[in-house]
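Enquirer: The following block contains the structure, expressed as structure tokens.
The values are calculated or read from the model by the stated rules, or taken from the named source; none is laboratory data. Quantities reported herein were computed from a predicted structural model and do not represent experimental measurements. Using ideal geometry, Cβ is built from the backbone for each residue, glycine included, and neighbour counts are taken over all protein chains shown.
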Amino acid sequence: MTATVGLDGIRIGILDDNEKVTEIIEVKGAIEAKIDPSTNTDVLYADNGAFAVFTSLGETKVTLNVADLTTEQKNKILGVRTENGLELTGADTVPPFVALAMHSKGIDQKEDIYVGLLKGRFGIPSIDAKTNEDKTSAQTPEIEGTFINRQSDGLSQVIGRSGNPDFTLTEFDAKVFPPAGTTQG
């Protein structure tokens, strides 16, 4: 990965039971995204020394900080129920599986960098509030999610760079957000 500059273009696709996207939701007001993949390694010792190293990719933790999550976005992305204008969460709140894509610029600020995570769930956002002091300080919602490999193809992440000669945004979108009625591979 390269150094990145900026963040925008957060899109979240709602997955059906076949890991196909039924709807893509654009989340405006991107502030910060942190993607933290977990890599597990194990060393096999033999003949009085390190003999082999085994590596496996575990889950990927994601934290998104955005200016606002609307009630409609919370309904679709987080499984929040709405009743009489109130957002309700409880024991029966089950977020759907989703796919996530976002955009940054490369270190030269010319190359577009696209990152996609293919299957995960977000939890209910934290709520931070604090009193105004000498200056106003906005407290923004932060949602955390856990992403795993898709069962259909074993993939968990896609990175696209506009500087790669074969890259197309259409191909990136098709890999991250496969529409219902298509086959992955």
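Residue by residue, here is whether (1) within 30 Å of Pro165 (Cβ to Cβ); (2) within 16 Å of the chain's Cα centre (by Cα) holds:
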position: Ile14; (1), (2): no, yes
position: Asp42; (1), (2): no, no
position: Phe51; (1), (2): no, no
position: Thr89; (1), (2): no, no
position: Met102; (1), (2): yes, yes
position: Asp108; (1), (2): yes, no
position: Ile113; (1), (2): yes, yes
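Enquirer: Within the range 5-24, restricting attention to residues that are in a loop (DSSP other than H, G, I, E, B) and touching a residue at least 40 places away in the same chain (Cβ under 8 Å), which residue is nearest to Leu69 (Cα to Cα)? Give the derivation first.
Expert: In the first step, residues of the range 5-24 are kept if they are in a loop (DSSP other than H, G, I, E, B); the result is 16-20.
Among the residues that remain, those that are also touching a residue at least 40 places away in the same chain (Cβ under 8 Å) are: 16, 18-20.
On the way: Asp16: 22, Asn18: 27, Glu19: 24, Lys20: 23 Å.
Among them, the one singled out is Asp16.
Enquirer: Considering the range 118-138 alone, what residues qualify as being small (Gly, Ala, Ser) and either in a loop (DSSP other than H, G, I, E, B) or at pLDDT below 75 (or both)?
Expert: Within the range 118-138, the first condition is being small (Gly, Ala, Ser), and the residues that meet it are 120, 123, 126, 129, 137-138.
Residues satisfying the conditions are Gly123, Ala129, Ser137, Ala138.
Enquirer: In the range 86-103, what residues are part of a strand (DSSP E or B) and closer than 30 Å to Ile159 by Cα?
Expert: Residues of the range 86-103 part of a strand (DSSP E or B): 86-88, 98-103.
Of everything in the range 86-103, those that are part of a strand (DSSP E or B) and closer than 30 Å to Ile159 by Cα turn out to be Val98, Ala99, Leu100, Ala101, Met102, His103.
Condition check ((1) farther than 30 Å from Gln109 by Cα; (2) surrounded by 10 or more Cβ atoms within 10 Å (Cβ to Cβ); (3) aliphatic (A, V, I, L, M)) across all residues:
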{"site": "Asp8", "(1), (2), (3)": "no, yes, no"}
{"site": "Gly13", "(1), (2), (3)": "no, yes, no"}
{"site": "Val21", "(1), (2), (3)": "yes, yes, yes"}
{"site": "Lys28", "(1), (2), (3)": "no, yes, no"}
{"site": "Lys34", "(1), (2), (3)": "no, yes, no"}
{"site": "Val53", "(1), (2), (3)": "yes, no, yes"}
{"site": "Glu72", "(1), (2), (3)": "yes, yes, no"}
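Enquirer: Also, I was wondering about something else. Does Gly106 fit the bill of being at pLDDT below 95 and small (Gly, Ala, Ser)?
Expert: Values: at pLDDT below 95: yes; small (Gly, Ala, Ser): yes.
Against the criterion (at pLDDT below 95 and small (Gly, Ala, Ser)), Gly106 qualifies.
Enquirer: Right, here's the next one. Which condition breaks for Leu57 when tested against (1) in a strand (DSSP E or B); (2) modelled with pLDDT of 95 or more?
Expert: So the condition that Leu57 fails would be (2).
Enquirer: Something else now. If I ask for residues that are exposed (fewer than 10 other Cβ atoms within 10 Å of the Cβ), among the aliphatic types (A, V, I, L, M) and over 26 Å from Glu19 (Cα atoms), which ones from the range 78-130 would you list?
Expert: Scanning the range 78-130 gives Leu86, Ile127, Ala129.
Enquirer: Within the set of pairs 6+ apart or on separate chains, which have a first residue in the range 59-87 that is within 27 Å of Asn149 (Cβ to Cβ), a second that is exposed (fewer than 12 other Cβ atoms within 10 Å of the Cβ) and of a type outside the set (A, V, I, L, M), and C-beta atoms under 6 Å apart?
Expert: Listed by first residue and then by second, the contacts come to Glu59/Ser38; Lys61/Asp36; Thr63/Lys34; Asn65/Glu32.
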